[in-house]
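Working notes, structure below.
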Amino acid sequence: MWPLYAAGFTTAFGAHGIAANLGADTDDAVTSLLVLGGLLALYDGAEVLLKPVFGTIADRIGARPVLLGGLVAFAVASALYALADSPGWLWAARLGQGAAASAFSPAASALVARLNPAAKHGRAFGSYGFHKSVGYTLGPLLGGVLVWAGGLRLLFTVLALLGATVAVWALVAVPVVPPLPRARQTVLDLARRLALPAFLVPTAALAGATAALSVGVGFLPVSGAVAGLGTVATGAAVSVLAACAAVVQPRAGRALDAGRITARGGLTVGLLLAAAGLACATLPGLAGILLAAALIGAGTGLITPLGFAALASSTPRERLGQTMGAAELGRELGDAGGPLLVAGVAVAATLTYGYAVLAVLLAALGLGLGRRAAAQRTGTS
């Protein structure tokens, strides 16, 4: 499992390590905010388009080849800019990294499910999510140190070495998992399966969690600046968010496997915690920011392993790659949609109203899941 956890760390570190430090490059590569926005969008845009595609390919040829190919491609794409050091190659490298992550990320999720029995899915996805959270946390910090020491080329060099190392590790340690026989599936069959509550409910919760996480990471520092707080204080708040998410995920997974919580109940509580965190973000001062960070982190940490475990348990094993790719697409939409919603409301009113609107949406989603679970218990009792 450790190479799969390392793959999760790689995609998170690569995404946030570069995204948080592209603006620090003021020489030739990043010459304006428009260029910066384009470079940031390349990675996420590739993931939105390609994750479902590579998930389906993983079901067809096996998740291990897609995992290995994606990691090798990530290393090659990173090496492009490290060697060439020109603005054009930076665009190509960033696009290549996003496409490569679109391959090995859903493949790794599918292998986590295939290599663990259903009774241990919560623990497995909790550990996988923990290592991704570590990557998200260390990416901006360690990436900043590398850019300070040697510019973007050094950061891309480290990412190339990381991708290559994890690829070799996975080649040696990840067992061959042959694709399972699959019945023929039409586009209509796929649409029907993805429209079932067993897919929509956890995917919606994952999208909501990612929206809250993105808003917390992106806008809590803005609130801190408005309140007169320094970068150290606001940076600490974001670190609290990431740390809470990392700590909660393995515990939530173990609790699910032990039967102490249910997936539906945990998703409900996680959404309500994230909504409460966004509500706290409307409070002035450091206390409100820290409370928001802790609650958003705890909520997303609860949702992530339970959501993926629920998807794995309800998906035919021969379709795991396709399901994980589609679920990752939902997360990417939440990642982009949450900040856009909050920013749009903030432009029309204030950032406080932006937090409040997203909090209401997440609370409504959480309460809807809770009512549905209660109705199901009533119907089966």
Once neighbouring chains are kept in place and the probe is 1.4 Å, which whole percent of the accessible area of the chain is contributed by carbon and sulfur?
72 percent
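Sequence gap at least 6, Cα distance under 8 Å: using those rules, report the relative contact order of segment 198-287 to the nearest whole percent. Could you put the intermediate results ahead of the total?
On the way: 40 pairs, mean separation 37.3, N = 90.
RCO, segment 198-287: 41 percent.
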Surrounding charge for Gly330, neighbours by C-beta under 13 angstrom, Lys/Arg +1, Asp/Glu -1, total -2
Taking 10 °C and 1.306 mPa s as the conditions, I'd like the Stokes-Einstein D for segment 218-358 in µm²/s, using the Kirkwood hydrodynamic radius from alpha carbon pairs.
99 µm²/s
Please name whichever of Gly265, Pro175, Leu351 sits farthest to the positive end of the charge dipole of the chain, dipole taken about the Cα centre and charges placed at Cβ: Lys and Arg +1, Asp and Glu -1.
Gly265
Using unit Cβ charges (K, R positive; D, E negative) and no other charged atoms, how large, in debye to the nearest 20, is the dipole of the chain about its Cα centre?
1560 debye
Express in Å², to the nearest 10, the accessible area of Ile261 obtained by rolling a 1.4 Å probe over the protein heavy atoms while all chains stay in place.
50 Å²
Which ³J(HN,Hα) values, rounded to whole Hz and listed in residue order, are derived for segment 321-337 from phi using the Karplus coefficients 6.51, -1.76 and 1.60 in 6.51 cos²θ - 1.76 cosθ + 1.60 with θ = phi - 60°, glycine and proline given as x?
x, 4, 5, 5, x, 5, 5, 4, 4, x, 5, 4, 5, x, 4, 8, x
Can you tell which of Pro316, Ala274, Ala287 lies farthest toward the positive end of the dipole of segment 230-322, using +1 and -1 charges on the Cβ of basic and acidic side chains (Lys, Arg; Asp, Glu)?
Pro316
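Rank Val226, Val240 by accessible area, highest first, at a 1.4 Å probe radius? Walk me through the intermediate numbers first.
Numbers: Val226 120, Val240 50 Å².
Ranked from most to least accessible, the order is Val226, Val240.
Multiply the residue gap between Ser313 and Val226 by 0.36 nm, knock off their C-alpha separation, and tell me the result in nm, one decimal place. The partial results should precede the final answer.
Working: separation 87, 0.36 × 87 = 31.32 nm, distance 4.49 nm.
Gain on extension, Ser313 to Val226, equals 26.8 nm.
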Check: segment 50-153 dipole with +1 on Lys, Arg Cβ and -1 on Asp, Glu Cβ, in debye:
320 debye
Can you tell me which of Ala298, Ala167, Ala343 moves the most in a GNM of the chain? Springs connect C-alpha atoms under 10 Å apart.
Ala343
Taking θ as phi - 60°, what are the ³J(HN,Hα) couplings along segment 341-353 by the Karplus curve (6.51, -1.76, 1.60), each to the nearest whole Hz, with x for Gly and Pro?
4, 5, 5, x, 5, 5, 5, 6, 10, 9, 4, 4, 5
Could you tell me the relative contact order of the chain? Use alpha-carbon pairs under 8 Å, at least six residues apart, and round to a whole percent.
24 percent
Quick one: how many Å² of Leu320 are accessible to a 1.4 Å probe, rounded to 10?
0 Å²
Could you please put Ser78, Ser86 in sequence from largest to smallest accessible area, using a 1.4 Å probe?
Ser86, Ser78
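The values are calculated or read from the model by the stated rules, or taken from the named source; none is laboratory data. Keep in mind it's a predicted model, so treat the numbers as computed, not measured. Because the Cβ atoms are built from the backbone with ideal geometry, glycine has one as well, and the counts that use them run over all protein chains shown. Note: accessible area is taken over every heavy atom of the protein model, side chains too, but ligands, DNA and RNA are not part of it. Shrake-Rupley method; radii C 1.70, N 1.55, O 1.52, S 1.80 Å.
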